[in-house]
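For reference, the structure discussed in these notes is given below.
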Amino acid sequence: MRIDVVTIFPEVLGVLDVSLLGRARATGLLDVRVHDLRDATHDRHRTVDDTPYGGGAGMVMRPEPWGEVLDGLLADGDDPLVVFPTPAGTPFTQPTAVRWAGERRLIFCCGRYEGIDQRVVEHTAARARVEEASLGDFVLNGGEVAVLAMVEAVGRLVPGVIGNPASLTEESHEGGLLEYPSYTKPALWRGLEVPAVLRSGDHGAVARWRREQSEARTRRVRPDLLP
Ligand SMILES: CC(C)N1CCN(Cc2ccc(Cn3ccc4ccc(-c5n[nH]c(N)c5C#N)cc43)cc2)CC1
């Protein structure tokens, strides 16, 4: 999978070079390319923003640099999905990550200030598949942190990125339930014991206990996830 990220803060995306995604990049499983939007400006100050039509607080990102950088990225004709992170977007969920992990190429457009001139979304949607997605119901200062989360959630689902695919099967939000609690050695720690069933060797009992724990945790913490 190829992932392009357009941003005015390319250094923020540097964290993608470490850990799992770093190894995935090094082995070619993920081809992540970060592009500095300011490279598509041509004035002395490398200006990417201007005042909003209609007045109001803050600045809006100018359409011209975005048009130029997307002209280049969309020239390959390989049908990428173009994602605009925005507080006004469709909630990004695990099903979204699973769906995006099936794409051959993703392009993430990180806005800043009060957002990107809407005509960029409109013009891009006339020549590519576009989604406006939100990381959650809270406000960030720009799209970069959201894209880091989205790229990690998607990248880890690409075959080969996670060493043990089995660890992808029983995760939170898989199958609509939160994951069961996990334990490791020692069996007794600061007076707290590991549940006996987990040390019983009875795999059927362990599976039942884990399902019950997932259901109870979901009822307690996220009843909205239950059918
Ligand atoms: C003037 C006045 C009436 N407006 C009132 C509503 N405000 C909403 C507003 C607030 C901040 C930002 C900062 N920002 C710029 C690009 C950008 C991309 C993603 C996110 C983002 N925030 N939270 C998420 N889950 C996100 C995602 N994904 C935030 C971004 C953008 C937009 C804008 C100002």
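The values are calculated or read from the model by the stated rules, or taken from the named source; none is laboratory data. Being a predicted model, the structure only gives us computed values, none of them experimental. Reconstructed Cβ throughout: ideal geometry from the backbone, glycine too, with neighbour counts over all protein chains shown. In case anyone asks, the SASA skips ligands and DNA or RNA and just uses the protein heavy atoms, side chains included. Shrake-Rupley method; radii C 1.70, N 1.55, O 1.52, S 1.80 Å.
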Options P63, P80: the member that is within 16 Å of the ligand (Cβ to nearest atom), modelled with pLDDT of 95 or more and in contact with a strand residue (DSSP E or B) (Cβ under 8 Å, 6 or more places away or on another chain): P63
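Could you tell me whether V145 is more than 7 Å from the ligand (Cβ to nearest atom), modelled with pLDDT of 95 or more, under 16 Å from T7 (Cβ atoms) and surrounded by fewer than 19 Cβ atoms within 10 Å (Cβ to Cβ)?
Details: more than 7 Å from the ligand (Cβ to nearest atom): yes; modelled with pLDDT of 95 or more: yes; under 16 Å from T7 (Cβ atoms): yes; surrounded by fewer than 19 Cβ atoms within 10 Å (Cβ to Cβ): yes.
Here the answer is yes, as V145 does meet what is asked.
Looking at E103, E152 in this structure, which one is away from the ligand (no atom under 16 Å from the Cβ) and within 17 Å of L21 (Cβ to Cβ)? Explain how you work it out, then say what you get.
On the way: E152 fails: away from the ligand (no atom under 16 Å from the Cβ).
E103 is the lone residue from the list that is away from the ligand (no atom under 16 Å from the Cβ) and within 17 Å of L21 (Cβ to Cβ).
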Residue match in the range 175-191 (condition: in a helix (DSSP H, G or I) and modelled with pLDDT under 95): yes
Complete set of residues in the range 1-31 that are surrounded by 19 or more Cβ atoms within 10 Å (Cβ to Cβ) and not in a helix (DSSP H, G or I): M1, I3, D4, V5, V6, T7, I8, L30
Residues (closer than 29 Å to L225 by Cβ, open to solvent by 70 Å² or more (accessible area, probe 1.4 Å) and not hydrophobic (A, V, I, L, M, F, W, C)) located in the range 180-199: S182, Y183, T184
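Which members of the range 113-129 meet the condition of being open to solvent by 40 Å² or more (accessible area, probe 1.4 Å) and either more than 14 Å from the ligand (Cβ to nearest atom) or within 17 Å of the chain's Cα centre (by Cα) (or both)? Let's see the steps before the verdict.
Within the range 113-129, the first condition is being open to solvent by 40 Å² or more (accessible area, probe 1.4 Å), and the residues that meet it are 113-114, 118-119, 122-123, 125-127, 129.
Of everything in the range 113-129, those that are open to solvent by 40 Å² or more (accessible area, probe 1.4 Å) and either more than 14 Å from the ligand (Cβ to nearest atom) or within 17 Å of the chain's Cα centre (by Cα) (or both) turn out to be R119, E122, H123, A125, A126, R127, R129.
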